[in-house]
1. If you check Leu65, Leu48, which single one turns out to be open to solvent by 20 Å² or more (accessible area, probe 1.4 Å), more than 16 Å from the chain's Cα centre (by Cα) and aliphatic (A, V, I, L, M)?
2. Going by what's in this entry, would Glu58 be described as out of contact with any Ser or Thr (no Cβ under 6 Å at 6 or more places or on another chain), open to solvent by 70 Å² or more (accessible area, probe 1.4 Å), more than 15 Å from Trp82 (Cα to Cα) and without any contact (Cβ under 8 Å) to a residue 12 or more places away in the chain?
3. With the requirement that a residue be touching a residue at least 60 places away in the same chain (Cβ under 8 Å), within 17 Å of Glu50 (Cα to Cα) and not aromatic (Phe, Trp, Tyr), what does segment 91-127 give you?
4. Report, by residue number, each residue of segment 32-61 that is within 18 Å of Gln99 (Cα to Cα) and touching a strand residue (DSSP E or B) at 6+ places or on another chain (Cβ under 9 Å).
Amino acid sequence: MPRNPYPGKKITLINTSNDYFETLISFEQIYNNPKINNLKKPVEQGYLDENKVKEMIEEYKENPLFLRFKNRVIIGNLNDTWYIVDGQHRLEMARQIYQIDNINDELVFCWFTFNNEDDIRKLFNSINKDSIKNNFYINQ
């Protein structure tokens, strides 16, 4: 089994490859990790909507268990540069809720090693096929 090259505790999977890892990362680790805090955005990734982040924080405070149903963040690794493919609002929610309220929970990070930028686009398009706000990028 390959060693974990990423932050967080490696999640053992039954069916995996050297190009895919899952790690469990606490809000505290997210807040304090400089590389996670400097993730690159692929061109397809939309802007960060602060209102959406605030709504997510409010929802988390009311029902923290709901996060378990949408706790994945997808990171692409291309030549040791990390790209946020999906989950930028969850990531920002985790940072803020830890910084402001000192609440520490965790997210599952899905790490995928890419060979080129086109592969990042393909994964982004696949993940966002049902997203109305991303239709412009997917249809191009």
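The values are calculated or read from the model by the stated rules, or taken from the named source; none is laboratory data. These figures come from a predicted structure and were not determined experimentally. Quick reminder, even Gly has a Cβ in these numbers, built from the backbone with ideal geometry, and neighbours come from all protein chains shown. Just so you know, the surface numbers come from the protein's heavy atoms only, side chains and all, with ligands and any DNA or RNA stripped out. Shrake-Rupley method; radii C 1.70, N 1.55, O 1.52, S 1.80 Å.
1. On the way: Leu48 fails: more than 16 Å from the chain's Cα centre (by Cα).
When all the criteria are applied, what remains is Leu65.
2. yes
3. Kept after step one, since they are touching a residue at least 60 places away in the same chain (Cβ under 8 Å), are these residues of segment 91-127: 91, 94-95, 97-99, 103-113, 117, 120-121, 124-125.
Checking which are within 17 Å of Glu50 (Cα to Cα) leaves us with 91, 94-95, 97-99.
Passing the criteria: Leu91, Ala94, Arg95, Ile97, Gln99.
4. Residues satisfying the conditions are Asn33, Lys35, Ile36, Asn38.
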